[in-house]
């Protein structure tokens with residue numbers, strides 16, 4: 001017997017440890033509560049097993065209908081687009097579309113900027129630059 005991956009010997013060891021920890025009086029009370037809990041859990045599982053399969057059948061039917069519709073659409077598109085163009089190259093073009101009136105258009109990155117070149121009239125006249133001021137000498 002194997003319950004939750006626990007063998008019979010391991011289950012007996014857990015039972016004896018529980019008797020030592022809880023004592024005989026409390027062990028009886030805990031066993032009853034555990035039995036009630038397991039009974040309630042089984043009832044909940046039985047209720048779920050009664051309710052879920054009919055709903056799953058409805059979902060399976062809907063999936064089957066969607067697959068059938070998808071297969072039909074695929075075959076229609078194949079007949080309309082691929083088979084007539086079998087002897088010539090396919091050229092499918094779309095007309096350009098304007099954005100919707102309520103569409104939000106995000107600005108793109110700004111164009112790269114270069115510093116403007118100074119105009120020839122703005123440059124300094126051809127005068128020699130003044131020599132740098134000599135540093136004062138510091139010494140002892």
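The values are calculated or read from the model by the stated rules, or taken from the named source; none is laboratory data. Please read all numbers here as calculations on a predicted model, not as lab measurements. So basically every Cβ, Gly included, is an ideal-geometry build from the backbone, and we count neighbours across all protein chains shown.
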Restricting to region 1-13, name every residue that is in a helix (DSSP H, G or I) and surrounded by 10 or more Cβ atoms within 10 Å (Cβ to Cβ).
8, 10, 11, 12, 13
Please verify whether region 58-66 includes one or more residues that are closer than 30 Å to residue 16 by Cβ, part of a helix (DSSP H, G or I) and within 36 Å of the chain's Cα centre (by Cα).
no
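For residue 38, are the conditions met, namely being at pLDDT 80 or above and in contact with a helix residue (DSSP H, G or I) (Cβ under 9 Å, 6 or more places away or on another chain)? Quick ask: steps written out before the conclusion?
Values: at pLDDT 80 or above: yes; in contact with a helix residue (DSSP H, G or I) (Cβ under 9 Å, 6 or more places away or on another chain): no.
No.
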